[in-house]
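The values are calculated or read from the model by the stated rules, or taken from the named source; none is laboratory data. Please read all numbers here as calculations on a predicted model, not as lab measurements. Positions of Cβ are backbone-derived with ideal geometry, glycine not excepted, and every protein chain shown enters the neighbour counts. SASA here: full protein model, heavy atoms, side chains in, ligands and nucleic acids out. Shrake-Rupley method; radii C 1.70, N 1.55, O 1.52, S 1.80 Å.
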Amino acid sequence: MDTVNIQTPHRWDIGFIKKFMFTFGILSSVFDFLTFGVLIFFLRANEQQFQTGWFLESVVSASLIVLVVRTRLPFFKSLPGKYLAIATSIVVLSVLMLPFTPLASLFGFISLPIAFYGWMLMIVVLYIISAELVKKWFYKK
């Protein structure tokens with residue numbers, strides 16, 4: 001593995017950044033549509049359930065995907081720093097608890113049936129696995 005000298009400034013590789021954003025942007029969009037489909041067609045979510053479910057899935061998955069794309073190694077072989085791990089945990093737990101707090105009504109959120117959490121967990125796990133596979137392919141190419 002190449003080491004990076006952090007003593008001197010380096011130019012950003014804009015081409016690499018564009019390819020990375022395009023590749024992982026498409027993957028993110030695929031999982032957005034998958035989440036929409038599950039909420040609408042499988043769970044038959046009403047407006048408040050859709051809004052709450054979409055918020056929970058999108059924030060949790062975005063928080064966890066950061067842990068995947070931050071390293072070229074498999075995410076489980078490159079543990080995040082203490083502060084990133086703490087911050088990610090606080091965000092995920094806060095978001096999951098939000099529908100059960102008085103603040104939920106400010107956002108139009110409601111507590112969801114347990115089936116919603118099962119489906120959302122499945123989507124997030126599938127997203128993490130997919131991101132790991134896409135990352136492996138991306139860096140080989």
### Query
Looking only at region 128-141, which residues are of a type in the set (D, E, K, R), assigned to a helix (DSSP H, G or I) and open to solvent by 60 Å² or more (accessible area, probe 1.4 Å)?
LYS136, LYS140
### Task
Kindly list, by first and then second residue, each pair from a residue in region 87-106 that is modelled with pLDDT of 95 or more to a residue that is of a type in the set (Gly, Ala, Ser) and surrounded by fewer than 16 Cβ atoms within 10 Å (Cβ to Cβ), limited to pairs with Cβ atoms under 6 Å and residues at least 6 apart or on different chains.
PRO99/SER111; PHE100/SER111
### Query
Mind checking which pairs have a first residue in region 53-75 that is in a loop (DSSP other than H, G, I, E, B) and a second that is open to solvent by 20 Å² or more (accessible area, probe 1.4 Å) and not small (Gly, Ala, Ser), Cβ under 6 Å, 6 or more apart or different chains?
ARG72/TYR139
### Task
Being surrounded by 15 or more Cβ atoms within 10 Å (Cβ to Cβ) and within 15 Å of the chain's Cα centre (by Cα) is the filter; apply it to region 81-99 and report the residue that is farthest from GLY53 (Cα to Cα).
THR88
### Query
Restricting the search to region 111-127, which residues are of a type in the set (A, V, I, L, M) and surrounded by 17 or more Cβ atoms within 10 Å (Cβ to Cβ)?
LEU112, MET120, ILE123, VAL124
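Please go through region 14-35 and give me each residue that is within 29 Å of PRO113 (Cβ to Cβ) and either surrounded by fewer than 15 Cβ atoms within 10 Å (Cβ to Cβ) or not aromatic (Phe, Trp, Tyr) (or both), ordered by number.
Across region 14-35, the qualifying residues are LEU27, SER28, SER29, VAL30, ASP32, PHE33, LEU34, THR35.
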### Message
Please go through region 5-37 and give me each residue that is assigned to a helix (DSSP H, G or I), farther than 14 Å from LYS135 by Cβ and among the polar types (S, T, N, Q), ordered by number.
### Response
SER29, THR35
### Message
Would you confirm whether or not region 49-70 contains a residue that is over 21 Å from the mean Cα position of the chain (by Cα) and open to solvent by 50 Å² or more (accessible area, probe 1.4 Å)?
### Response
no
